[in-house]
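Nothing in this text is a laboratory measurement; each read-out follows from the coordinates by a stated rule. From a predicted model like this one, the values you see are computed outputs, not experimental measurements.
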Amino acid sequence: MDHFTNPRNVGIIENPDGYGKVGNPVCGDLMEMYIKVENDVIKDIKFKTFGCGSAIATSSMVTEIAMGKTVDEALKITRNDVANELDGLPPQKMHCSNLAADALYEAIKDYKNKKKK
């Protein structure tokens with residue numbers, strides 16, 4: 001409940017090093033994730049979420065878990081990691097933790113693609 005009522009790292013990063021956007025057409029949730037990276041370490045991370053309380057809480061938790069990790073460490077964050085850090089999610093809300101992790105993965109993928117150029 002705390003990550004729903006007091007979400008961390010909400011907002012937008014102007015000119016992010018990586019950006020990810022994912023959605024679930026079934027439930028209507030939409031998540032955007034922005035990352036700033038220095039020496040392959042996530043130095044700042046922000047999100048915007050349109051969705052239910054679980055979607056907001058999982059987005060907030062993903063940012064907390066990923067902050068300070070290398071991009072490769074952050075890629076290893078699973079939906080179960082997110083749910084466990086939130087002390088569990090109802091089974092019908094587990095897809096929210098998928099979306100939050102997927103948004104992070106997309107932001108990292110975007111960062112890595114930009115880095116190759």
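Determine the calculated [θ] at 222 nm for the chain from helices alone, applying -39500 (n - 2.57) to every DSSP H run no shorter than 4 residues and normalising by the residue count; nearest 500 deg cm²/dmol.
Numbers: 5 runs with 52 residues, N = 117.
Computed ellipticity for the chain at 222 nm equals -13000 deg cm²/dmol.
Return a whole-number percent for the relative contact order of the chain, with Cα pairs under 8 Å and 6 or more residues apart as the contact set.
Numbers: 221 pairs, mean separation 36.9, N = 117.
Relative contact order here is 32 percent.
Which angle from 0 to 90°, rounded to the nearest 10, does the C-alpha axis of helix 53-66 make with the longest principal axis of the chain?
Once rounded, one gets 40 degrees.
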